[in-house]
Structure formats: C-alpha cells, structure tokens
Amino acid sequence: MYATIRFGLEIYGIAQSWRYEQKYIEHIENDHTLVPSLYIFSEDDTITDPALVERVVAKRKAYLTSQGLPADVMLETWKITDPSLHVCHYARYPIEYQKKIKDFLQRQGLIP
C-alpha cells in the first residue's frame, strides 16, 4: 500500500510540475513587456528547448511590430551552436558573452 501511495504522489508531483511548466510557457509566450531583450541560448540545452526560445522571440517580435515598435532593434538573439550547457555560456565564452551584452546595451542607448 505504501508503494502505491508513494507512486501516486510521485505522479501527482510530475503532473503538478507539468502544469506549472505549461503556465510558465504560456506566460512567457504572451509576454507584452515593452523592454529590450537579449536571448542567449544554445542548441544543445537540455533544460530549455531552443525551439521554445525561438517561438517566444517570434511571438514577442510580432507583438512589438503590431505596436509599431522596432522589434529587430528591441529583441535580439545569440544562438550558440557549439556545445554550451544551460546557463554556462558565460563560463564557456566569457569574451564573446561580454561583447554581446555590451553591444546590445549600446544599441539600446543604455551605455555609451
């Protein structure tokens, strides 16, 4: 009986986690924040699906364009094609990472 209860709780936990993940994905896909954004991600990320990032960026660009805003200026991506684990891009590519951030902030007029 204990094993059945434990298994049921594990399944419930997975289902709850999946529901929260789905709500989070819906939230970021429909984000109408009007701020510049730089998305840095890699093809081999095992935690965040790169296709999801690309879908979010496409939806945000469409929304910004519908508001008459320069989507290609406000939203940028850096898709790393070489192996780079989730949130390890700075450790793997520190010089390129710093340059991407600096260039993006300069284009936004946030730093000289």
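Coordinate-derived values only; no laboratory data. These numbers were taken from a predicted model, which means no experiment stands behind them. Ideal geometry is used to build each Cβ from the backbone, glycine not excepted, and the neighbour counts take in all protein chains shown.
Descriptive notes on the structure:
- Theoretical FRET efficiency, 1/(1+(r/R0)^6), r = Cβ-Cβ of V35 and D82, R0 30 Å, to 0.05: 0.55
- Each of Y93, Y24, Y39 was scored by other Cβ atoms within 10 Å of its Cβ. Listed from fewest to most, they are Y24, Y39, Y93.
- Judged by the mean number of other Cβ atoms found within 10 Å, the most tightly packed of the peptides 78-91, 48-61 leads the ranking 48-61, 78-91.
- Counting lysine pairs in region 53-104 that sit 8 or more residues apart in sequence, or on different chains, and whose Cα atoms lie under 20 Å apart gives 6.
- Cβ-derived FRET efficiency at R0 25 Å, Q67 paired with D44, nearest 0.05: 0.15
- When each of the peptides 40-46, 104-110 is scored by how many other beta carbons lie within 10 Å of its residues on average, the order from highest to lowest is 40-46, 104-110.
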